[in-house]
Amino acid sequence: MVKLTQQVPVWLCAAILIFGLIGCDRIFPSGDLVERVSDGDTLAVKDSKGENVNVRFACVDAPEIAHTKKEKQSKSSVARDQFDWGAKAQQRVQQLVKQGGDRVKLNIVDSDRYGRKVAEVRLSDGTFIQEVLVREGLALVYRSYLNKCPSKDIIQQAEIQARDSRRGVWSDAKFVKPWEYRSLYK
């Protein structure tokens, strides 16, 4: 009888510890805090050291959003189309970030000419944001930079599925790829 009563506190402590650790992520969230979703492929985050970091999504290029007053007032059908898809991509990233509790995990692979960190971005549950965007046709594989994309096979497969299913921009015959839009209209 003595042995059984001595084991109960041990099992009780172990159970409390296990259940406590399961909920720890809610009390002490992990990952970087998203301060702002700048557009469909750029975030402003506060890292674990409290530093502000601008992050450009690795592997992909999302449609542009209107930044200037001139762009916002543009009557060009090409620009309007680009900006409409860009706004949809930005909204989707905002939804995903909110779903992840405003936290992301970064796998930084490079820096770009604007000083942004280029990273693969995942939610705490492992959801790969770039893959979601490409699979839904809200971003395209950025082939010029695939050599710096550790998950390039996943991204390329997602694009094939989106294109074949005519999702997102793949359903829009007049859509201009973001890098082509920038070179022609900016």
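Values as computed for the structure displayed
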item: Cα-Cα over 20 Å, subset of Lys49/Lys117; Lys152/Lys174; Lys69/Lys174; Lys98/Lys152; Lys88/Lys148; Lys49/Lys148; result: Lys152/Lys174; Lys69/Lys174; Lys98/Lys152; Lys88/Lys148; Lys49/Lys148
item: The stretch 113-186 and the stretch 65-112: distance between their alpha carbon centers, rounded to Å; result: 12
item: Phi to ³J(HN,Hα) by Karplus 6.51 cos²θ - 1.76 cosθ + 1.60 over the stretch 179-185, Hz, x for Gly, Pro; result: 5, 6, 4, 4, 6, 8, 10
item: Built amide H within the under 5 Å cut-off of Val109, gap 5+; result: Val118, Ala119, Glu120
item: Carbon/sulfur fraction of accessible area - the stretch 40-186, other protein chains in place, 1.4 Å, %; result: 45
item: Ranking by accessible area, most exposed first, for Thr127, Thr68, Thr42 with a 1.4 Å probe; result: Thr68, Thr127, Thr42
item: Solvent exposure ordering (accessible area, 1.4 Å, most first) of Arg163, Arg113, Arg92; result: Arg113, Arg163, Arg92
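The values are calculated or read from the model by the stated rules, or taken from the named source; none is laboratory data. Keep in mind the model is a prediction, meaning the values are calculated, not measured. With ligands, DNA and RNA removed, areas are computed over all heavy atoms of the protein, side chains included. Shrake-Rupley method; radii C 1.70, N 1.55, O 1.52, S 1.80 Å.
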